[in-house]
Amino acid sequence: MIIERNIAPYIVFSEDPIVRALGKISDNKERIVFCVGQQGHLEGSLSDGDFRRWIVATPDADLQTPAVQVAHRDVASGRFGTPTASLRAAFRPGVTHVPLVDEQHRMIAIAIDRDDELRIGAHAIGPGHPAFLIAEIGNNHQGSVDLARQLVDLAADAGADAVKFQLRDMAALYRGPQGSTAGEDLGAQYTLDLLAKFALDFDRLSIVFDHCRDRGIDVMCTPWDSPSVKALADYGIPALKIASADLTNHALLREAAGYGLPLVLSTGMSREDEIRESAALVRSTGASFALLHCQSTYPAPFKDVNLAYMDRLAQIGQCVVGYSGHERGFHVPVAAVARGAHIVEKHFTLDRSLEGNDHKVSLLPQEFAQMVARIREVEEALGSAAPREVSTGEMMNRVNLAKSLVATRAIATGETITADAVTIKSPGRGLQPNALQQLVGRVSRRDIDEGDFFYDGDLGTAQIDRREFSFRRPWGLPVRYHDFRSLVRGSNADFVEFHFSYKDLDLDLSQIFRTNVELAAAPYAFTTHTPDLFSGDFILDLASEDPAIWERSITELQRVIDITRSLHPHFTCAQDPLIVATLGGFTADAHVDPSLRERMYARVAEGLSKVDETGVRLTAQTLPPYPWLMGGQQFHNLFLDARDTAAFAQRYDRKLTLDVSHSKLAANFAGRPFSEYVDILGPHTEHLHIVDATGVDGEGVQIADGEVDFAALATQLDQLAPHAGFIPEIWQGHVGGGEGFWVALDRLEAWF
């Protein structure tokens, strides 16, 4: 059972419109909200089922109707502070959320019938959530409130989800008068002497707790005795940590569980029968809890850690499990997360040479930050057990490295494709070799030249063919020199966009436009796109601080501009041709600190000032967070965030090519609505790449197969950039005679 004290996602005011209540039901994913009066008094509950029944019974329903008029008014509730075992009796089929009220019937918490999740402060912990990472400060503050606050700040900066302290009432905890060490063994005497010097009493510790709240980091504390439990519960601590030394202290467990707070119990120093006994006791109270696997030696030998025991611990507790580590380094906690730990606790210090047992097994702030980063990377890498799909990067490499079915001779339309007419060759742009048996024996629906690839359409699957399309803005096709005439033929494209490779930059245009017909200006316009990769594995980067890279980037960009000018006579352009440029700002291993971006943008602007843009319109392309460059994932830093991209455009009087896929991925990466990004970037947009996207790195997706809301996008762009032309930049859209482009255009007509 969860006692949820953060009730904001679960309440609406009784007079709020029903549409607001529906929004909260959707957002909190619990399918219910509670109606409260202006003073917080509970007045009803509203589930999605209540809404459906109301809408069926009221065909002319007004979504501005006050929520309380639709709510179930006779809602069962419990008194906050009621023993959790008693609260559990309130759950029954259909009742999984019980509001908890105070003496004035004001709602202050919710009991939720769930054991697979723990909630501590703002964090949900368990399957489907990131691991909860605790910086255990303990007594490493050396008895100083100022040092304790400094450690809190450093832990927050390092990415900790929570900090943890310890509280003892020495008189209540130790047998000697006033915690006297007389008569104790050397180990206990040493511990008592340290505590006498360094322990913070509750009044001083509460100052640190208040600082945690101000820093926005959750705080936990280990109570070592009954008075400490009460003091922490009265303060409103979001969760209690039970030390390994107290796992067999059933009286303390019962008292802590009685306050309805989440409990995190370490299991070091205990036998399995003791763990089972304590887990059963806590479960019987109804409290929500987690068990942490722990080896209570300082430092712990790696051979004794035994991470595999977490599997057994999860079976014993039937609860969330985690790992509390005392070994050297941070690689074991990373491995623990890979094995299923949902909580990680590591000691945290400024200086390992300070007095006290915990310092020597503690992580320094930079080490804790590295642990956080590695854990988050491992969580990404764990993925899911869903059926395997080919990633975006793999698809690109598959095209380059895999093999395809290729025609060994010319095949005419209507001719049967025989086995001797097919061979297997690289690259992998066409049908994969495993489609050979499906292909042989089929009747060709098109003329195929020797050396041509076979495609999905050759298997008889339904195709959307080129035709004349109708759009409210100019539209074009992404092309190369070798296929632009064949792709444009039979369509009414307004322009073509040449996506240059580095080899294209060395071609003699007189060899491309050789005949009189070819020398005549084509009845459509053109744009160009800088190569993603230049010769020698060079990537254009005007943000680089390396003079050689910066100078070459200027030179390569000027080459693209000059070639674009040279193409102009061969096309019919109402205005200067547009260039789509990826201007740089990438890094190989991680994103840079956002504070560095302004300087990087200034470097780009300085580089642009060195090129001659006469006769062209140079635009900066918006970019994704994780570009696929040179066969693998890298990191973009510029033209990623909508705000600083728009600021660059404004400050340096630059126009943008809004790549819908890239900027959707960037919005997902930033956790912002894509509509917000379009609102910010739209006024600076002169050109569009329209394509779908998924997640944070799934670019080039076919229209309507991803996450972009194209109806909303079309409305926004009609207002913000009504004259910007577009291309459907579908990954491998050109194969099969441009089938991917025709599908995209066919779908886009409905909105654009």
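Each value in this text was obtained by applying a stated rule to the coordinates, not by laboratory testing. Only a predicted model underlies this, so the values are computations on that prediction, with no experimental measurement involved. Cβ placement follows ideal geometry from the backbone for every residue including glycine, while neighbour counts extend to all protein chains displayed.
Brief remarks on what is shown
- Lys, Arg +1 and Asp, Glu -1 on Cβ, resulting dipole of the chain about Cα centre, debye, nearest 20: 840 debye
- Approximate spin-label separation Asn306-Asp465, in nm, with each point projected 7 Å along Cα-to-Cβ: 7.2 nm
- In range of the label at Gln150: residues from the stretch 322-358 whose backbone nitrogen is under 15 Å from the point 7 Å along Cα→Cβ: 349-355
- Whole-Å distance, taken between Cα centres, linking the stretch 604-627 and the stretch 1-71: 50 Å
- Separation of the stretch 99-123 from the stretch 519-556 is 58 Å, based on Cα centroids.
- The aspartates and glutamates within cross-link reach of Lys197, meaning a Cα-to-Cα straight distance under 12 Å and a gap of 8 or more places when in the same chain, are Glu355.
- Distance violations [Cα-Cα > 31 Å] among Lys24/Lys664; Lys503/Lys610; Lys241/Lys664: Lys241/Lys664
- Exposure proxy order (Cβ contacts within 10 Å, fewest to most) of Val488, Val98: Val488, Val98
- Structure-derived Cα Rg over 2.2 N^0.38 Å - corresponding label in [x] 1.06; [y] 1.43; [z] 1.19: [z]
- Burial ordering of Thr423, Thr222, fewest other beta-carbon atoms within 10 Å first: Thr423, Thr222
- Computed over the stretch 398-459, the ratio Rg/Rh where both radii use C-alpha atoms and Rh is Kirkwood: 0.93
- Label-zone membership for the stretch 717-736, site Arg672, 7 angstrom Cα→C-beta point, backbone N under 20 Å: 717-721
- Among Ile539, Phe513, Gly585 - extreme Cα towards positive end, dipole of the stretch 476-682, charges at beta-carbon: Phe513
- Straight-line cross-link reach from Lys403 at under 19 Å between alpha-carbon atoms covers these aspartates and glutamates, not counting any fewer than eight positions away in the same chain: Glu389, Glu394, Asp420, Asp449, Glu450, Asp452, Asp456, Asp458.
- Amide H partners (placed H, <5 Å) of Phe571, local residues excluded: Ala522
- Taking label points 7 Å from Cα along the Cα-to-Cβ direction, Asp705 and Arg20 give a separation of 4.3 nm.
- Taken over the stretch 660-752, the percentage of Cα pairs per 10 Å bin, counting from 0 up to the bin with the maximum distance, is 18, 52, 28, 3.
- Amide hydrogen neighbours beyond the local backbone of Gly78, cut-off 5 Å, H modeled: Leu100, Val101
- Principal-axis tilt of helix 226-235 within the chain, Cα atoms, nearest 10 degrees: 50 degrees
- The Cα atoms of the stretch 128-382 give a gyration tensor whose axes a ≥ b ≥ c have a/c under 1.5, which makes the shape rounded.
- Centroid-to-centroid separation of the stretch 389-461 and the stretch 328-374 [C-alpha atoms, Å]: 54 Å
- Converting phi to 3J(HN,Hα) with the Karplus coefficients 6.51, -1.76 and 1.60 and the offset θ = phi - 60°, the stretch 162-167 yields 8, 10, 10, 10, 10, 10 Hz in sequence order, with x at every glycine or proline.
- Subtracting the Cα-Cα distance of Asn6 and Asp60 from their residue separation scaled by 0.36 nm leaves 15.9 nm.
- Under the Karplus curve 6.51 cos²θ - 1.76 cosθ + 1.60, θ = phi - 60°, whole-Hz ³J(HN,Hα) for the stretch 52-61, x wherever Gly or Pro sits: 4, 5, 5, 5, 5, 7, 10, x, 9, 4
- Going from the fewest other Cβ atoms within 10 Å to the most, the residues His570, His482 appear in the order His482, His570.
- Principal-axis tilt of helix 597-608 within the chain, Cα atoms, nearest 10 degrees: 10 degrees
- Estimated FRET transfer efficiency when R0 is 35 angstrom, pair Arg88-His129 (beta carbons, to 0.05): 0.90
- Interchain or long-range residues, amide H under 5 Å from Phe289's placed H: Leu263
- Cα-based helix-to-principal-axis angle, 365-382 vs the chain, degrees rounded to 10: 60 degrees
- Take the Cα of Asp157, step 7 Å toward its Cβ, do the same at Phe571, and the gap between the two points is 5.1 nm.
- Among the trypsin sites (Lys or Arg not before Pro) in the stretch 524-624, those located in a DSSP loop and surrounded by at most 16 other Cβ atoms within 10 Å of their own Cβ are Lys610.
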